[in-house]
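Scroll down for the structure; my scribbles are underneath it.
The values are calculated or read from the model by the stated rules, or taken from the named source; none is laboratory data. The model shown is predicted, which means the values in this text are computed figures rather than measured ones. We place every Cβ from the backbone using ideal geometry, glycine too, and count neighbours over all the protein chains shown.
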Amino acid sequence: MLLLKPIRLRTRQISQYASAASQELSAPKAVSTTPPKGLNFYISTLQTRASVDQLHKLHAEILKTHFSRNIFLLTRLAHAYLKFGCLNIGERFVVSIIKNPPLFLWNERIKCYARKGRYRESIDLYYEMVRSGYKPNAFTFTFVLPACAGLKSVKDCRRVHTDVLWFGCEYNEFVITALIDVYGKCGDLSSARQLFDEMPVKKTASCNALMAAFVLDEKFDDALSLFNEMKKLGIPSDTITMVRVLQSCASLGALQQGRWVHEQIIRTQMVVNVQLGSALINMYARCGSIEEAHHVFEEMPKKDLIAWTSIICGYGMHGLAHLSESLFLRMVSHGLRPDAITFVGVLSGFSHNGMVEKGWYYFKKMSDEFNVKPVLEHYSCMVDMLGRAGRLNEAENLLKHITVKPDSMIWGGLLTACKIHKNVEMAERVVSKILELDPTNAGWHVLMSNIYATCGKWDQVAKMWGKIKDLKLEKQPGWSSIEVTGQIHTFLVFDQSHLMSKEIYSYLKYVKERMKVEGYVPETSVVFEKVDEETKEEMVFCHSERLAIAFGILSTLDGDVLRVMKNLRVCVDCHNVIKFISGIECREIIVRDAKRFHCFKDGVCSCGDYW
DNA sequence: CTAGGGTTAG
């Protein structure tokens, strides 16, 4: 109690000085006649400086007074510089003048390093501080923990976490939220969840942090249940919550839920800022409704680079490369500078449409005109584009001459092209490169064995599968999902676990018979195992996308659009069957595969059978 | 004298 009084007195004193100072500033002539300024004047003026420039001027003024060696004032000055992000100047003060900085200055330094992305230095400074005998407080932890997140360092995170307990900050909600965030970003979801569960009072920010952890770990269902839980508990959602929820809907392909969230945003008159707008565009695009994505885009009052990039990528994914290009040109005419990601969107769009010349043109334009240096992803688009178009030698040549080190994915694009164009010789060359870089991924072995199978080299196929078995590699199973009345249903290959399994299989049988009447022969070349023709038919018959679509047809109304998601690429036979179903059922069927969208309507697909 | 969670591709 006794301590409070002088502090109150001092605050009043400072504000008196401050108002005197502002009067002084509005009457410039009076400067020479005013009495010398006191310490309090400088301290309060320091807090009101709006720019580094103003701070420099005040600094110069202080150096001319007898306060030039006043540690208290210089500490505040260093603090003010650090608040503006002037790390070098701030640090110079600490090194040369302020030998024993007070806690708040340590905190500000740790924060400054962390915000500049110099995470290691931020964390090391924290350790140095503790070693020097300072007691960190809750502020310290909320500054150093994001640095641990930046490095994704669980080791540092745990060490700091023990300090949180040791110094008694484990009940501070800011600290807990920061801890949830770091554990989430480091991939330790269970620690994040445990901290969250033990929180007595949960708030919006802590929910958002856990939701981010779910999304990062691809636990989208959990993210959505947490969102529902928030509503039940009466915890308000904000734009950050909505961004996370929309990301989850986008990943799940849950269009109906996404639409519902959009309605909520409109109903609650939430401000649609660029982040939320981009998240909406992305959700609609990735859920197969490019029209709605475009609508959101046009309605956004302010569009930044990311909003433009989102819609450009959206059109690219949907195989509408000409629209993607015209939006790109519109963006440039609005004076925005495209970045590396914008070009990935544009180039991948051309790649899906086989527009090789346009692709090359933009690839050159990128560095010549926009000063964007090509990185691995751009080369990857070009290799896919050339390879898919059958220009395998050009693709291989490009890969040999790039300045960056190719990864297994980019070689993988070429390997896929080798499969499409049945070039075993190049494939063998390519796969050896891939296996040097990524020897334990079963996917490459499978792909290579499939290439051997297309050419009838069954002894080699057997050899590849032998390797998979010897190395105990696991093949990624194919799955597809579909949203029906807001519920996501997931199917695996051969899946018979669904409640409507019987109906699904008999529907598919019916489709097959109708197709056979019209002269359809199952495209069994996609089955790469040496089994008889009948078994092969059975195997493609049970592909997951087919099960999902059959279920969709059986459980929705005539004319409803079906939207299906698949983790791998669609096989040729399924592509034929889906085209047929879209014709006989008069349905629009939109399938999102690992790379792009296929929109089936009236017996044809938007990809023009090029994928 | 300082606080936590956010947008785009592959």
Any helices (runs of 4 or more DSSP H) falling wholly within the stretch A:497-611 and containing at least 2 residues that are surrounded by 14 or more Cβ atoms within 10 Å (Cβ to Cβ) and in contact with a Gly (Cβ under 6 Å, 6 or more places away or on another chain): A:572-584
Residue that is buried (at least 16 other Cβ atoms within 10 Å of the Cβ), away from DNA strand B (no atom under 14 Å from the Cβ) and small (G, A, S), where the choices are A:A254, A:A279: A:A254
Residue check, A:F196 part of a helix (DSSP H, G or I), under 20 Å from A:E108 (Cα atoms) and within 13 Å of DNA strand B (Cβ to nearest atom): no
Given (1) in contact with a Cys (Cβ under 6 Å, 6 or more places away or on another chain); (2) free of Cβ contacts under 8 Å to residues at least 24 places away in the same chain, index of the condition A:R92 fails: (1)
Sole residue being of a type in the set (S, T, N, Q) and surrounded by 18 or more Cβ atoms within 10 Å (Cβ to Cβ), chosen from A:N107, A:N100: A:N107
Scope the stretch A:101-132; condition under 34 Å from the mean Cα position of the chain (by Cα) and outside any helix (DSSP H, G or I); matching residues: A:K116, A:G117, A:R118
Residue match in the stretch A:223-230 (condition: more than 8 Å from DNA strand B (Cβ to nearest atom) and among the acidic types (D, E)): yes
Residue match in the stretch A:372-379 (condition: at pLDDT 90 or above, more than 12 Å from DNA strand B (Cβ to nearest atom) and not in a loop (DSSP other than H, G, I, E, B)): no
Conditions (1) over 14 Å from A:H262 (Cβ atoms); (2) within 12 Å of DNA strand B (Cβ to nearest atom): number failed by A:R330: (2)
Residue within the stretch A:138-153 that is modelled with pLDDT of 95 or more, among the charged types (D, E, K, R) and more than 9 Å from DNA strand B (Cβ to nearest atom) present: no
Qualifying residues in the stretch A:266-277 (those that are without any contact (Cβ under 8 Å) to a residue 24 or more places away in the chain and assigned to a helix (DSSP H, G or I)) - the one nearest to A:L329 (Cα to Cα): A:I266
Hits in the stretch A:136-157 (condition: part of a helix (DSSP H, G or I) and closer than 17 Å to A:A213 by Cα): A:L145, A:P146, A:A147, A:C148, A:A149, A:G150, A:L151, A:V154, A:C157
Conditions (1) more than 10 Å from DNA strand B (Cβ to nearest atom); (2) surrounded by fewer than 17 Cβ atoms within 10 Å (Cβ to Cβ); (3) in contact (Cβ under 8 Å) with a residue 24 or more places away in the chain: number failed by A:L165: (3)
Checking A:I98 against (1) assigned to a helix (DSSP H, G or I); (2) within 15 Å of DNA strand B (Cβ to nearest atom); (3) hydrophobic (A, V, I, L, M, F, W, C), the condition it does not meet: (1)
Pairs where the first residue, in the stretch A:205-229, is more than 16 Å from A:A250 (Cβ to Cβ) and the second is at pLDDT 95 or above and among the hydroxyl-bearing types (S, T, Y), C-beta under 6 Å, 6+ apart: A:A205/A:T177; A:S206/A:T177; A:N208/A:T241; A:A209/A:T177
Qualifying residue in the stretch A:389-412 (condition: of a type in the set (S, T, N, Q) and within 21 Å of A:H318 (Cβ to Cβ)): no
Residue pairs meeting the criteria (Cβ under 8 Å; at least 6 apart or on separate chains; first in contact (Cβ under 8 Å) with a residue 40 or more places away in the chain and surrounded by 17 or more Cβ atoms within 10 Å (Cβ to Cβ), in the stretch A:372-397; second in a helix (DSSP H, G or I) and of a type in the set (A, V, I, L, M)): A:R388/A:A417; A:R388/A:I420
Test result for A:A321, within 15 Å of DNA strand B (Cβ to nearest atom) and either in contact (Cβ under 8 Å) with a residue 60 or more places away in the chain or under 21 Å from the mean Cα position of the chain (by Cα) (or both): no
Residue ranges of helices (runs of 4 or more DSSP H) in the stretch A:380-477 with at least 1 members within 17 Å of A:G359 (Cβ to Cβ) and among the charged types (D, E, K, R): A:392-401
Residue pairs meeting the criteria (Cβ under 9 Å; at least 6 apart or on separate chains; first in a helix (DSSP H, G or I), in the stretch A:232-249; second within 9 Å of DNA strand B (Cβ to nearest atom) and of a type in the set (S, T, Y)): A:I240/A:T204; A:T241/A:T204; A:V243/A:S278; A:V245/A:S237
